[in-house]
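Bear in mind these aren't lab numbers, they're just calculated from the coordinates by the rules spelled out. Keep in mind that this is a model prediction, so the values were computed, not measured. Cβ atoms come from the backbone with ideal geometry, glycine included; neighbour counts cover every protein chain shown.
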Amino acid sequence: RGFPDRPALVRTIGRMCAGPAADEAAVARTADELRRRVVDRPVTNAALEGLASLCLSPRAAPQLKVDLVSFFRLLLERDLPEIEAQALDGRDEVVYALGGEVTAYTELVPSVIAGLRNIALSSTGPLRQQALDALLHTWRQIADGDLQLGPGNTELLLNAFRDLGTLANIADGQREAIADAVALRRDFPPVYRVLAALCVSAGEAMTDRAVALANELLRRDADDKTLTDQERARLLDDLATLVTDAALGGQAGRL
């Protein structure tokens, strides 16, 4: 208790359990302790970060990972404070603003996303599917307008989908499910980078999707007058990723 920086200690203990040195019993004890410390306000966010790191452990028992998937999912579904919608004076516009609840979105959400991502990365079969389902459910809530996580956390979630969708051992059906879900938010330009990465990773299995995406990028570059110079540069970079992919073959030349 007298350690000068307890949050740093909590984070470090979680990270130490991510490697192969800690055995299954030590990982289980640490996970149990970190979950208890989540209600200890001075170290709440550090405990969540430690748990997220621990999820990468090759010694974490399957049942522990199942429990952590449920734990993280409950945090997203029950414990996030509402972001209040505010109408701008004299304008037909609604904005979402963070107040005192900002730490939930700057510290809690990133750790929850990282935890679910790490479970999916370090697992196979039903366990990977459970963690992926939790992330996809959150993304669909965002796409439907039922959940606001803010642009930063939305990009973190997208990055998690890119990491999972480009795994060498990801099932084709899981990659397709990620691509279908991500495509629901084409209004958010960063999704194109993730879709392009998925298409390249899938190779011939996603050739048709890659060609359709490339044509969409060409149209948007030509027609969307709302794009900033930076956004247009990113779209063209995503297009280059697609048309230089060897799996597209002759179709890339025509594009």
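For the reader, a short list of remarks on this structure follows.
- Under the Debye formula (equal points on every Cα, no solvent term), log10 I(q)/I(0) of the range 1-64 at q = 0.13 Å⁻¹: -0.29
- Relative packing of 131-142, 41-52, 214-225, which averages over residues the other C-beta atoms within 10 Å, highest first: 41-52, 131-142, 214-225
- Here the calculated FRET efficiency for R36 and D146, from their Cβ-Cβ distance with R0 = 35 Å, stands at 0.65, rounded to the nearest 0.05.
- Ordering of 22-35, 115-128 by packing [mean C-beta count within 10 Å, highest first]: 115-128, 22-35
- Spin-label pair T244-R1: with each label point 7 Å from Cα along the Cα-Cβ axis, the two points sit 5.9 nm from one another.
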